[in-house]
Each structure stands twice: as structure tokens, then as C-alpha cells.
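Down below is the structure, laid out as C-alpha cells.
Each reported figure results from applying straightforward, stated rules to the coordinates on display, with no laboratory input. Computed from a prediction, not measured in an experiment: that's the story for all the values here. No Cβ is skipped: glycine too gets one built from the backbone with ideal geometry, and neighbour counts run over all protein chains shown.
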Amino acid sequence: MRWRGRLLRALTGFALALCAGAGLAQSPAVAHSQGFDPLHTRFGFELRTRWGQKVGGEFPRYEGEVAILADGRHQVRIRLATASVVVGDSERYTRLARGERFFDAARYPTIEFVSEPHPADLVRTGGPLRGRLTLHGVSRWETFVLPPGACARPGEDCDAYAHGSVSRYDYRLDGWQLALGDRVRFTMQVRLKPAGLRMADPKPSDSKTPAGDGAERKEPSR
């Protein structure tokens, strides 16, 4: 009957409106954003070999910002270029990190992190920063830790820091199992550009491959 068809269409439209409203509620409006100052911002990672040696690297190319939401909360958004990763001054470690048995930059060119909206003073007081990490084609909720700020306005008058470790097996980073441990520790040192300026361009990277090892290292065996 016609009235049943009209009722069904009305109910469907109402349900779609509710879904749209829920989606808007989950995505607060952005009032403005501040980009990262490339002179004071660093993104890195650390892991250990099975022999206890620490291996560390950096991501010289990145994009990111801190979004100031309309309700006053903040949200951190970061994209790291895996093809730019550099591991110390070791050509071989750098090649392995970018290769298909680890970050696999050819297939997964970025690592992304989007935090949950959080109070603006979290960077000053310190505490957990929860967000969605996308790495090697896998997305998971992870929690990073911000230590208390060293000044009244961390991220503006002094650097803000965060760190957290993830299981590489959760993200299918399962290469070099006999040589490398499971935990990957990510580190962030961030300074924002002054409010009102445009977001910084990604920090330029040196196109040259690192010139070689400065010290003898034990390297992962195949």
C-alpha cells in the first residue's frame, strides 16, 4: 500500500539523518591549526637487536599539525614518510629499514597517527595521548605518553615530547625475527610554529644516502 511505502521512506530518511548526526558528533569542527616548526621538530624510532644493541632512526620528512577544535580541545595529526627514514649513519641499516622486510616504503609510504581530541593543557600537565596509528597497512589504537612540560607553554616556548612503544608483530613488521626484538619505540620532539602562520612544509631531507658506518656494528643476518 502507498502509505506503507511513504512510511518506509520516512523511516529510512530519519535513520540516515541520525547516522549523519552521529558522524558529525564524532568529528568536531576545527577552528584553526598550527603546523610543526621544522627547526625544532624530530620524529624517531628505536628498537633493540637480540644481542641488546639499540638501533635508532629518524624520519626527516613528515607532515603534521595540532588542530585546535571549536570546543577548545586539541587533536594531533602526523604523517611520516617511510622512504625518508635514516638509521644512524649506516647505509645498510637504512636500506633494511626502508625495505620490504620492515617498513616496506614502496608499498606503505606513510605512517599516520591521529590522536583523540584531548584537553589543551595535556601537553603541560603530561599524561596519556591515545590515538589511531596506521603502520604497514594496519590501523590500531595506541597510547603514547607525554611527560610534564618543561615550561608554561610546551610546544610553543619549549619543546614538547612524547613516546610510546608498539609490538611490530601487531603491524606485520615480521622481518628479521632472529635479529630484532618485538618492541618498536617511537619518539616525538615537537615545537609549533607561531599561531597565525601557515603550517610548515615537510622538513626537507638530504637526498644523499648516508655516507656509511661511523663505527663497527653487528648487523642483522638474513
List the relative contact order of the stretch 29-190 as a percent without decimals, with contacts defined as Cα pairs under 8 Å and 6+ residues apart. 23 percent
Only four residue types carry charge here, +1 at the Cβ of Lys and Arg and -1 at the Cβ of Asp and Glu. Report the dipole size of the stretch 29-190 about the Cα centre in Debye, rounded to the nearest 20. 560 debye
